[in-house]
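The structure appears below as structure tokens.
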Amino acid sequence: MKGLGIVGTIAMFLVGGGILLHGIPGGEVFANELAHKAGALHGLAHSLIGGFVGVVAGGIIVGVVTGIHKAMGKH
């Protein structure tokens with residue numbers, strides 16, 4: 001079950017990052033151009049770019065929520 005939780009979390013970062021790339025103007029085009037340079041690994045590169053965007057977005061959200069909790073005095 002622990003392994004499934006880890007794999008599921010990674011999948012959510014990949015999917016969430018892909019959704020964000022579609023919503024950012026020019027994001028999908030940029031990701032496609034970058035992934036195209038990977039040649040045969042285009043699909044993997046595109047997924048990794050989406051995963052990176054998902055991790056960055058998740059980190060920003062964690063930082064904002066943590067900051068709000070600290071400002072409100074919650075633990």
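The values are calculated or read from the model by the stated rules, or taken from the named source; none is laboratory data. Note that this is a predicted model, so its numbers are computed, not measured. A quick note on method: Cβ atoms are made from the backbone with ideal geometry, for glycine too, and the neighbour counts reach across all protein chains shown. Keep in mind that these areas ignore ligands, DNA and RNA; they rest on the heavy atoms of the full protein, side chains included. Shrake-Rupley method; radii C 1.70, N 1.55, O 1.52, S 1.80 Å.
The residues of the range 8-35 that are open to solvent by 80 Å² or more (accessible area, probe 1.4 Å), in a helix (DSSP H, G or I), of a type in the set (Val, Ile, Thr) and farther than 14 Å from residue 46 by Cα amount to a single one, 10. Within the range 1-59, being of a type in the set (Phe, Trp, Tyr) and touching an Asp or Glu at 6+ places or on another chain (Cβ under 8 Å) holds for no residue.
From the list 49, 60, exactly one residue is open to solvent by 50 Å² or more (accessible area, probe 1.4 Å), within 22 Å of residue 8 (Cα to Cα) and either free of Cβ contacts under 8 Å to residues at least 12 places away in the same chain or in a helix (DSSP H, G or I) (or both). Which is it?
60
What residue, of 5, 43, 16, is among the small types (Gly, Ala, Ser) and at pLDDT below 90?
On the way: 5 fails: at pLDDT below 90; 16 fails: at pLDDT below 90.
Testing whether each residue is among the small types (Gly, Ala, Ser) and at pLDDT below 90 leaves just 43.
Take residue 73 and tell me if it is loosely packed, with under 10 Cβ neighbours inside 10 Å, on the phi > 0 side of the Ramachandran plot and at pLDDT 85 or above. So residue 73 fits the description; yes.
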